[in-house]
Structure formats: structure tokens, C-alpha cells
1. Could you list, in sequence order, all residues of segment 128-141 that are assigned to a helix (DSSP H, G or I) and at pLDDT below 80?
2. Kindly evaluate LYS80 against the criterion of being out of contact with any strand residue (DSSP E or B) (no Cβ under 7 Å at 6 or more places or on another chain), at pLDDT below 90 and surrounded by 15 or more Cβ atoms within 10 Å (Cβ to Cβ).
3. At pLDDT 90 or above and not aliphatic (A, V, I, L, M): which single residue out of GLY125, GLY144 fits that description?
4. Restricting to segment 35-90, what's the tally of residues that are farther than 27 Å from ILE134 by Cα and in contact (Cβ under 8 Å) with a residue 60 or more places away in the chain?
5. If you scan segment 8-36, which residues turn out to be surrounded by 11 or more Cβ atoms within 10 Å (Cβ to Cβ), modelled with pLDDT under 80 and outside any loop (DSSP other than H, G, I, E, B)?
6. May I ask you to verify whether LEU63 is crowded, with 16+ Cβ neighbours inside 10 Å, of a type outside the set (S, T, N, Q) and at pLDDT 90 or above?
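The values are calculated or read from the model by the stated rules, or taken from the named source; none is laboratory data. Note that this is a predicted model, so its numbers are computed, not measured. We place every Cβ from the backbone using ideal geometry, glycine too, and count neighbours over all the protein chains shown.
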Amino acid sequence: MSTQMDMGGNNSMHHHGMMMYFHTEIGGDYILFQSWKPQDGKEMAIACFATLLFTIFYEAFKLLRIKVQKKLLDNDSGNKYTNIYHILQSCLLGLQYLISYCLMLIAMTYQFYLILSIVIGAFIGNLIFAPLSIDSNSGSADFGDPCCR
């Protein structure tokens, strides 16, 4: 990034920075990694499809955490801190945070097509996986929050 003085003595920046507004331009946004920068419509379509699948995976992952947490709550053997379900659930929580932050960073590109891919992926993922998280006894969705049981 270089700074130059113009005729009026003001600093002017000459760089190609991130667009901090919703846009549909292709070729200016990095997606998570320096090597992932769609340059044309085909590469953007692939990035959108990958983002959509990643978001569906996130919704599936939430269901997996719910199932493991139910196993943890049903398993009363021994110390809860050394219980394999507690350890697995904690690892899954860390991974869920990683995925959610990656989706947030993708959304922070302000690239409309990528944000739309996240929204559509969340819709599809919820459509597929939310019914599987419904407790057959109560008829309510259990999203793993102990305060709402």
C-alpha cells in the first residue's frame, strides 16, 4: 500500500482493498485463504457451491452435537469430565466454532453471491437436519441448550 500526496497536500491511497459494501463484482475478494480468490464466473460458482455445502455441513454438525450431548446426559457412569461423550462433545463444540467463524469471514467479504449461498445452505441444512433433532417425547426441537429442556 502506498501513500502519495496530491496537489492539495492530502494523502491518497492507491490500493485495491476490500469492498466494505454489498457487491456482486467478481475477482476482488479472497475467501478464507490467499489462494482462494475467484477470478471469473465459473470460479465464483464453484466458491458459492462450496460455501453452500459448507453451510449445510454446519447444520449437520449442529445435529451431531445434539446427539452426542444427549448421549452424555443419558450416560451417568463415572466422572462427567472424563466421560468420552463429554470429551467428544467439547471437541465438536470447538470445531463448530471454527466452522461458524469461517462462515462469518466468508460473509464479511460482502460478496452478495457468497452471502446468498450461506443463506440458501442454512435453509437447506435446516430443512434436512432440524426434523432429526426433534425429541419424539416432547415434540420440540432440542438445540442443545440446557436451559430450554
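1. Result: no residue meets the conditions.
2. Against the criterion (out of contact with any strand residue (DSSP E or B) (no Cβ under 7 Å at 6 or more places or on another chain), at pLDDT below 90 and surrounded by 15 or more Cβ atoms within 10 Å (Cβ to Cβ)), LYS80 does not qualify.
3. GLY125
4. 4
5. Correct list: HIS23 only.
6. Criteria met by LEU63.
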